[in-house]
Amino acid sequence: KFLSVALILIVGMILTFQGCQKDFENETIGPNLNQNAISVLGKKLINPYSVTNMQKALNNLLGKSKGSNDTIIATHLYLKFIPLNDEELDRLDSLNYISEYPLDYEVIEGESSYRDPEVPENQPTFQYTSVKIGDPLPNVSYEIIEELYIPEEDSNYSGKGNVNVDALVTEALRITDNLKGNELNNTKSSWTPSGRITVLDDFSNTIIPIRGVKVNARRWFTIHRGITDANGYFQCDGTFKRPANYSIYWERHDWDIREEDWGQAVYNGPNTQSAWNLYVGGGKSLRYAHIHRALHLYYYENNFGIHAPPQNQWYNRKLKVGYYHRNRDFNGDANPYWAHWYTWPDIRIFGQVNYSWSDSRGIFSTTLHELAHASHWALVGRNDFIDTEVIVAESWARGAQLYLTRIYYPNYQNPYNRKRYTGIVEDLIDGVKTRTTSLYWDDDSDGTATCSLSYNDSIKDYTLTQIENSLFGAFTFDQWKNNLKNNYYNETESHIDTAFNYWNTGNDCH
């Protein structure tokens, strides 16, 4: 009996997902990056920053034997964390840096995520980092891979036997066979990682900057970061004397973009001593970039006064958005309970390569639609969102999608139908017009209209904030309407019943 009840609950939750959109114009897809993610590691390297190898390097420079009195003492630990679930994975956000890639391997440039083949399918892959000895660690199981000595980060280093930091690091690189190629060029006193990140907008056929991207520059176990500005430029918060590996982890404090269910969406850049100017022209990274644009807009840029989606607070984890680079008969969905009951992210975006809605504008607006669902459940509570009529949830998401998308695509227009993806939000806001549609949603039909309906849209001047606030306690379309009437004065309020009745009309359209 209990198993049957649980099964019914699970099936019910699957059926309550919100947000399946299908109607976008077809545009030309731009040039592609490598569309096949690299899921293998580069070459395993000998770690020059291990205490053992640093001691050997110092002894060589001092001309002393193994028993030298100038002893290298560990400053950091190289750790492998073993998170068992999403909750433990999020605990690792408290660390300065975390990577799916072991830090003592060569980095292969390009779009990729890595999953250790030893990790069970239903849990996150291992996560790697280095921490200063004595720093607090999150409550997640870990293994110590190696004790490290990082002289560049040793504030007490005063030159052991007159050996300066640069000479010590150079010798450690030499004896571990890491002093070759661009490592041989050590003529710069220091350099600051910087650059610009842009992406193809294949809807408008323009190249646009990406705002708010977190760019990492890593040299072995030392990390510096920068955030791109409104023009796509970034400068990291520290300097190096030797080359470093650039990378983009498509995440911020409040959200995380995944490659499907578990993989971190990432782009690995070059190992260089120069600025990194990345143009994202296609492949998965193009989709990650436009999903990022939508997330950044909804969380940090929207000026409509509407609520943000769930934020990363002590009582709430960061939002997970999974991108799936494969065909599906819909382009996005969202559910407030997937993260707790399944391995799925809160939101899933499908980027069908040959479908009309997988262009830049389509990915961008789809993400905004699903984020509107997430902001809805953040506003009213997860349980209340699940209990809300589909016509309410989808109509709000369509409206928020429309006005947020128009910030960057002013001529964007939503496809609407009655009974589900309605245009009530737009009608409440915009000016007087005649509305005609032959599309409607009817669970007992295939969605093909047998006739058209028209009405005179005579209501206007409600705000997006008023419409959103009226979702409190609105489980039905009528309750949403009544909240608007009871809570806000509007000169055109006498026409609100007509508008709501029009959109809630089914196949009785005579």
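Restricting to region 370-393, name every residue that is crowded, with 24+ Cβ neighbours inside 10 Å, among the acidic types (D, E) and in contact with a Ser or Thr (Cβ under 9 Å, 6 or more places away or on another chain).
none
Looking only at region 69-87, how many residues end up being open to solvent by less than 30 Å² (accessible area, probe 1.4 Å) and assigned to a helix (DSSP H, G or I)?
Summing the residues that are open to solvent by less than 30 Å² (accessible area, probe 1.4 Å) and assigned to a helix (DSSP H, G or I) in region 69-87 gives 1.
How many residues does region 228-250 hold that are in a strand (DSSP E or B) and more than 14 Å from I210 (Cβ to Cβ)?
Start the filter on region 228-250 by keeping residues that are in a strand (DSSP E or B), which leaves 233-235, 240, 244-249.
Then drop every residue that is not more than 14 Å from I210 (Cβ to Cβ), which leaves 235, 240, 244-247.
Total meeting the criteria: 6.
For region 218-267, how many residues are over 30 Å from H307 (Cβ atoms) and among the aromatic types (F, W, Y)? Give the derivation first.
Within region 218-267, the subset over 30 Å from H307 (Cβ atoms) is 218-224, 233, 235-247, 267.
Now restrict to residues that are among the aromatic types (F, W, Y): 220-221, 233, 240, 246, 267.
Qualifying residue count, region 218-267: 6.
Just to check your reading of the model, which residue among N53, N139, N96, N59 is open to solvent by 20 Å² or more (accessible area, probe 1.4 Å), modelled with pLDDT of 90 or more and within 27 Å of L179 (Cβ to Cβ)? Full working, then the answer.
Details: N139 fails: within 27 Å of L179 (Cβ to Cβ); N96 fails: modelled with pLDDT of 90 or more; N59 fails: open to solvent by 20 Å² or more (accessible area, probe 1.4 Å).
Going through N53, N139, N96, N59 in turn, just one is open to solvent by 20 Å² or more (accessible area, probe 1.4 Å), modelled with pLDDT of 90 or more and within 27 Å of L179 (Cβ to Cβ): N53.
V321 is checked against (1) in contact with a helix residue (DSSP H, G or I) (Cβ under 9 Å, 6 or more places away or on another chain); (2) at pLDDT below 90; (3) more than 22 Å from N414 (Cα to Cα) and fails just one. What number does that condition carry?
(2)
What pairs come up if the first residue lies in region 320-336 and is open to solvent by 10 Å² or more (accessible area, probe 1.4 Å), the second is of a type in the set (G, A, S), and their beta carbons are under 6 Å apart, counting only those six or more places apart or on different chains?
H325/G351
Answer yes or no: is there a residue in region 285-307 that is part of a strand (DSSP E or B), open to solvent by less than 30 Å² (accessible area, probe 1.4 Å) and either of a type in the set (S, T, N, Q) or modelled with pLDDT of 90 or more (or both).
The first filter runs over region 285-307 and keeps only residues part of a strand (DSSP E or B), leaving none.
Within region 285-307 (the criterion being part of a strand (DSSP E or B), open to solvent by less than 30 Å² (accessible area, probe 1.4 Å) and either of a type in the set (S, T, N, Q) or modelled with pLDDT of 90 or more (or both)), the answer is no, since none of the residues qualifies.
Of the residues R252, R293, R258, R317, which single one is basic (K, R), closer than 30 Å to S190 by Cα and in contact (Cβ under 8 Å) with a residue 12 or more places away in the chain?
Numbers: R293 fails: closer than 30 Å to S190 by Cα; R258 fails: closer than 30 Å to S190 by Cα; R317 fails: closer than 30 Å to S190 by Cα.
From the options R252, R293, R258, R317, the qualifying one is R252.
Which of the residues that make up region 357-369 are open to solvent by less than 10 Å² (accessible area, probe 1.4 Å), farther than 17 Å from Y300 by Cβ and either part of a helix (DSSP H, G or I) or among the aromatic types (F, W, Y) (or both)?
Applying the first criterion (open to solvent by less than 10 Å² (accessible area, probe 1.4 Å)) to region 357-369 yields 358-360, 362-369.
Still in the running and farther than 17 Å from Y300 by Cβ: 358-360, 362-363, 365-366, 369.
Passing the criteria: S358, S360, G362, I363, S365, T366, H369.
Here's the yes/no breakdown for (1) part of a strand (DSSP E or B); (2) in contact with a Pro (Cβ under 9 Å, 6 or more places away or on another chain); (3) open to solvent by 20 Å² or more (accessible area, probe 1.4 Å); (4) not acidic (D, E):
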site: F203; (1), (2), (3), (4): no, no, yes, yes
site: I207; (1), (2), (3), (4): yes, no, yes, yes
site: V215; (1), (2), (3), (4): yes, yes, no, yes
site: N268; (1), (2), (3), (4): yes, no, no, yes
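Among K433, K419, which is in contact with a strand residue (DSSP E or B) (Cβ under 8 Å, 6 or more places away or on another chain), open to solvent by 10 Å² or more (accessible area, probe 1.4 Å) and over 19 Å from F330 (Cα atoms)? Quick ask: steps written out before the conclusion?
Working: K419 fails: over 19 Å from F330 (Cα atoms).
Answer to the check: K433.
The values are calculated or read from the model by the stated rules, or taken from the named source; none is laboratory data. Since we're looking at a predicted model, the values are computed, not measured. Glycine gets a Cβ as well: all are built from the backbone with ideal geometry, and neighbour counts include every protein chain shown. With ligands, DNA and RNA removed, areas are computed over all heavy atoms of the protein, side chains included. Shrake-Rupley method; radii C 1.70, N 1.55, O 1.52, S 1.80 Å.
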